[in-house]
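The values are calculated or read from the model by the stated rules, or taken from the named source; none is laboratory data. Keep in mind it's a predicted model, so treat the numbers as computed, not measured. Positions of Cβ are generated from backbone atoms using ideal geometry, with glycine treated the same way; all protein chains shown enter the neighbour counts. Heads up: the accessible areas ignore ligands, DNA and RNA and are worked out on the full protein's heavy atoms, side chains in. Shrake-Rupley method; radii C 1.70, N 1.55, O 1.52, S 1.80 Å.
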Amino acid sequence: MNPLRRSYEARVLMVPLGAGNAALADQLVGLGVDGVRVLTGADLVDATTKPLGESAWEPPSPASTGQVTEAADMVVLVATDLADAPVDTVREVCEAARAGGDLIAAVLVAPQNWDTPAGAAAMVTLRQEVDMLVTVRGPKLLAALLDVLRGGPRAEIDPQLVAEVAR
């Protein structure tokens, strides 16, 4: 988390693609990610979400996956095992994000199985649906990217903190 942010604080919705990526959200909290909302259950009537950290934004409730997505400013789809990425969820979330005027990013964290038929289909769908596709080597880089995308204000900047961050 960047303690020097002083700009607009975006409502970021993280959408884990596949069962293995749900645990990644818990790792992100340990890496200091705060203020991000995670889609934990897509649903046509009552989608479920959970906050990362203490200052996450509140989506409408009850709300469909599309309504939760439209309430965000940015949507970040996260995948590790591309063969496990549900393309129907990708399309549904991206359609709602476009309707809401959201930035849509996909972050592949140490991607696997992109060369299988299911993984290749997921990759094609992601390339067609998102505004930005990024590959990172691990959760620490994902945490840093989420922090950059989120932005946000901070109280007075401590000169000692600036010196620590600059190191």
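Tabulated data
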| item | result |
| --- | --- |
| Residue list for region 32-51, filter: among the hydrophobic types (A, V, I, L, M, F, W, C) and within 15 Å of Arg150 (Cα to Cα) | Val33, Val36, Val38 |
| Cβ pairs under 6 Å, 6+ apart, first in region 9-27 and among the acidic types (Asp, Glu), second surrounded by fewer than 20 Cβ atoms within 10 Å (Cβ to Cβ) | Glu9/Gly151; Glu9/Gly152 |
| Every residue from region 1-26 that is open to solvent by 30 Å² or more (accessible area, probe 1.4 Å) and at pLDDT 90 or above | Arg11 |
| Number of positions in region 52-71 that are within 20 Å of Arg150 (Cα to Cα) and surrounded by fewer than 16 Cβ atoms within 10 Å (Cβ to Cβ) | 5 |
| Residue check for Thr49: under 22 Å from Leu103 (Cβ atoms) and surrounded by fewer than 15 Cβ atoms within 10 Å (Cβ to Cβ) | no |
| Within region 119-167, considering residues that are farther than 15 Å from Val75 by Cβ, modelled with pLDDT of 90 or more and β-branched (Val, Ile, Thr), the one least open to solvent (accessible area, probe 1.4 Å) | Val136 |
| Meets criteria (within 18 Å of Met132 (Cβ to Cβ) and surrounded by 17 or more Cβ atoms within 10 Å (Cβ to Cβ)) for Val38 | no |
| Within region 65-101, tally of residues that are of a type outside the set (Gly, Ala, Ser) and in contact (Cβ under 8 Å) with a residue 40 or more places away in the chain | 17 |
